[in-house]
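Every read-out reported here was derived from the displayed coordinates using simple, explicitly stated rules and does not represent laboratory data. Every value quoted in this text rests on a predicted model; they were computed, and no experiment measured them. Positions of Cβ are backbone-derived with ideal geometry, glycine not excepted, and every protein chain shown enters the neighbour counts.
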Ligand code: AMP
Ligand code: ZN
């Protein structure tokens, strides 16, 4: 299914031009217009899924394999030293386009820095309780 109002449906379907580095029957991979680092790419399924929880299992597993392939290609072609996969679900998590996508962000020694979290503290008991809470919803 496509969503008429979704910009990533239009980009993935080729209706809106993009810097495409990979395409197959299920995906298009493009360069992000606002890159976090040189070569920042977005993996877009051609069908519309709002986020990870809406994705079907076949597309989900293909997407992860594709992310590994794109990351490996970046290491060879861009001489980056590593890469991050970032995948935001929900506004609170930073999602701004509500069509599932995976960011593949090349990382270079010396930057640019990408914001990460400051590790907090949690007791073993807290962690055990939290694990039980989440388990109840699986
Ligand atoms: P997220 O915040 O995870 O939803 O990521 C959305 C990403 O899409 C951002 O990194 C934007 O820079 C990028 N983006 C938005 N519109 C376009 C576009 N037309 N072409 C390429 N990237 C885009
Ligand atoms: Zn869409």
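Looking at the range 80-128, what % of the alpha carbon pairs are farther apart than 14 Å? Across the range 80-128, Cα pairs with separations above 14 Å total 67 percent. Per q in 0.10, 0.16, 0.19, 0.21 Å⁻¹, report the Debye log10 I(q)/I(0) for the chain, using one uniform scatterer on each alpha carbon and no solvent. Reported log10 I(q)/I(0), two decimals: -0.41, -0.91, -1.13, -1.27. Between 47, 23, 125, the Gaussian network model of the chain with springs among Cα atoms under 10 angstrom shows the greatest mean-square fluctuation at 125. The largest-to-smallest principal axis extents of the Cα set in the range 1-75 are 33, 27, 21 Å. Remark: the residue 92-residue 1 segment gains 30.2 nm on full extension, using 0.36 nm per residue and subtracting the alpha carbon distance.
Could you work out the relative contact order of the range 7-135? I mean the mean sequence separation of Cα pairs under 8 Å and 6+ apart, divided by the number of residues, in percent. So the answer I get is 24 percent. Between residue 128 and residue 113, the simple label model (points 7 Å from Cα in the Cβ direction) yields a spacing of 3.8 nm.
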